[in-house]
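What follows draws every value from the coordinates through simple rules; no lab data is involved. All values reported here derive from a predicted model rather than from experimental measurement. Cβ atoms come from the backbone with ideal geometry, glycine included; neighbour counts cover every protein chain shown.
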Amino acid sequence: MTDATPVSTPLAYDDADLRGILKSVRTIAMVGLSPKWVRPSNFAAKYLQGKGYRVIPVNPGVAGKEILGETVYASLKEIPGRFEMVDIFRSSEAAGPITDAAIALKEEKGIQVIWMQLGVRNDDAAARAEAAGLTVVMDRCPKIEYGRLFGELGWGGVNSGIISSKRPGPRP
Amino acid sequence: MSDDDGKARPPGFGFETRAIHAGARPDPTTGARNTPIFQTTSYVFDDVDHAADLFNLQTFGFIYSRLTNPTVSVLEERIANLEDGRAAVCAASGHAAQFLTFFTLLGPGDEFVASRNLYGGSITQFGLSFKKLGWTCHFVDPTDPENFRRALTPKCKAIFLEILANPGGIVVDVEPVAAIAREAGIPLIVDNTMATPYLCRPFEWGADIVVHSTTKFLSGHGTSVGGAVVESGRFDWAQNDKFPCMTQPEPAYHGLTFYETFGDFGFTTKARAVALRDFGPTLSPANAFYTITGIETLHLRMERHVQNAQAVAEFLEGHPAVAGVSYAGLPSSPYHDLARKYLPRGPGSVFTCRLKGGFEAGVRLVESVELFSHLANIGDTRSLILHPASTTHRQLSPEQQVAAGAGPDVVRLSIGLETADDLLRDLDRGLAATTTGK
Ligand SMILES: Cc1ncc(COP(=O)(O)O)c(C=O)c1O
């Protein structure tokens, strides 16, 4: 939260769009995933793994080691397989070059979504990614959004903003 | 449209809809439409790894009902939603909610500033019991907002006030107080018990944390003691070094840093994961159920509470046995303009009146009414009456009683939802007894 760029216009994302992303994506490259279990990135990755996502760690400091059972890569380019989403757990400035790397790898890796974590926002990078046909989400946490949209966040007393008289469907 | 207080409403559902639906969906397994009472202490783990994730707060879910319970969670989300807040944690009582708030904020040697016009029990909690924990409260006269600034010390970590103060009649000009708290880099905590989010939403005026005794108007039927802490999600705990509780690794949680990990719901998460976990003043699922049911009619009840209170206040103001009425809905009240600003739908239904016959008249009135119940609560469907000097404030000297707004001639009323004319008749008979001595 501390390294957020000064926020000009508030970001608003449609719940249906976020739900669509979280339902279609299966593999996430998480840039800046920490090997320390008490760090927020590690929390998010563990949670998303529990929901059936594959989370591939990108962290040059610990490349070649394992985090949460997955091999760590030094960069997006070095990840062998395909991944639909890049989740950026780095500063807003660092999100720029990471986004550019993802744009360059879009076809090769099948990347469709750039997701910048809570507190991370880089409007210029987002514009470049959107021009390249990628979907961008900024200043949100996929763990929190998953919890909010699929009925778990309220268990902790958080206001999900969701009003519905439909029985909740199965989670993705 | 419900939000008729002149403010543009953000797109989304109206207050009434949210009072009925927020936080509660049909049960995914059974389709049960009303929120079930999850009368269970504990919840099975899928496996050891799932259990570890839950204990480490790495995943959302239920472990043990001291921490979370699905019925209580619905109430928490509903209150957070109605206050336009980010998150809430419930507690066994309003006092427990205050304790969870301050335990999360303060360490030994820390201080805070509070309005001196508070529910008497809060004055005792802050002034005497908190002292034993090493926390010092500086009480100030809230009628001049600058008094809060003057009382601030470098060790102060919060400002606390009741926007509509119990025993009624006093409305605090909260906007300038919020500015003072903001400048000092500390949260403004508002007790919104007397107004409820239907009449006032303190976050709109700059509050950072709201606390409730849900015992009163939220549950609304005199059935269930409870409390809640709500956070706006907008306070920046990292703006200074006053809140290591939020920004430093927490030893009671394996070195977890709550603000960094939980962001805009970090405060209530910490209040739950540490203060509620370690001290245990948990709201029961049954009390949560009654409170949820109460909130579903909050908008209708508050409208009628205010309407009846206005009628009773006007009647008493014109009564020859009455020396004065403190209701901020009366044009004669010094707080009338503040009430119109902060409580445009009406300043609640709890107020005091002074009787010309003094202490004796107060005693006679509470003993001779038939419909009003003589007891120490507020915010019931039933109308309630109390003579503080002979009951709740009995231990104080006459001077202290007057300072607390509970002088010998003062009677406190909490106006309920009965037929207004019946209330007037009951009071008229009671007041006649104060002058005839019968
Ligand atoms: C304004 C206010 N705050 C807090 C409380 C304490 O709440 P509880 O009795 O639920 O502990 C009360 C109770 O009378 C109250 O009126």
Check your understanding: If the label point is 7 Å along Cα→Cβ of B:Ile63, which residues in the stretch B:237-263 have backbone nitrogen under 13 Å from it?
Key -> B:252-256
Exercise for review: In whole Hz, with x marking every Gly and Pro, tabulate ³J(HN,Hα) for the stretch B:118-127 from phi via Karplus 6.51 cos²θ - 1.76 cosθ + 1.60, θ = phi - 60°.
Suggested key: 10, 3, x, x, 6, 5, 5, 4, 6, x
Check your understanding: Expressed as a rounded percentage, what relative contact order does the stretch B:38-124 have, with Cα pairs under 8 Å and six or more residues apart?
Key -> 17
Exercise for review: Would you mind giving the mean number of other chain beta-carbons within 10 Å of the Cβ of each residue in B:54-61, as a whole number?
Suggested key: 6
Study note, to complete from the structure: Rounded to a whole number, the Stokes-Einstein D of the protein assembly as shown in µm²/s (Kirkwood radius over Cα pairs; 37 °C; 0.692 mPa s) is 127
Point to revise | If the convex hull is drawn through the Cα atoms of the stretch B:298-436, its volume per residue in Å³ | key: 99
Check your understanding: Among B:Glu303, B:Glu183, B:Glu314, which one shows the biggest mean-square fluctuation in a GNM of chain B, springs joining Cα atoms closer than 10 Å?
Key -> B:Glu183
Check your understanding: Do you know the relative contact order of the stretch A:15-149, to the nearest whole percent, from alpha carbon pairs under 8 angstrom that are 6+ apart?
Key -> 22
**Study point:** Rounded to 10°, Cα long-axis angle of helix A:15-24 versus longest principal axis of chain A
**Key:** 50
Revision key, fill the gap. The set of residues whose placed amide H lies less than 5 Å from the amide H of B:Ala158, leaving out same-chain residues fewer than 5 positions away, is B:Val113
**Study point:** Sum of -39500 (n - 2.57) over DSSP H runs of 4+, divided by residues of chain A (222 nm, nearest 500)
**Key:** -8500 deg cm²/dmol
Point to revise | Tilt relative to chain B, helix B:358-368 - C-alpha long axis, 0 to 90 degrees, to 10 | key: 80
Check your understanding: Relative to the longest principal Cα axis of chain B, at what angle does helix B:285-295 sit, 0 to 90 degrees, rounded to 10?
Key -> 60
Check your understanding: Under a 5 Å amide H to amide H cut-off, with H placed in plane at 1.01 Å, what residues pair with A:Met116 once short-range neighbours are removed?
Key -> A:Ile88, A:Val137, A:Met138, A:Asp139, A:Arg140
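Got the relative contact order for the stretch B:62-213 handy, in percent, Cα pairs under 8 Å and 6 or more residues apart?
The value is 21 percent.
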Review point. Where does each of B:Asp27, B:Asp53 land when they are ranked from fewest to most other beta-carbon atoms within 10 angstrom?
Key: B:Asp27, B:Asp53
Study note, to complete from the structure: Residues meeting the amide H criterion for A:Met30 (H placed from the backbone, H to H distance under 5 Å, 5 or more places apart or on another chain) are A:Ile56, A:Val58, A:Asp87
Practice item. Would you tell me the mean number of C-beta atoms belonging to other protein chains that fall within 10 Å of each C-beta in A:40-49, as a whole number? Key: 3
Point to revise | Structure-based [θ]222 nm, chain B - -39500 (n - 2.57) summed over DSSP H runs of at least 4, per residue, nearest 500 | key: -10000 deg cm²/dmol
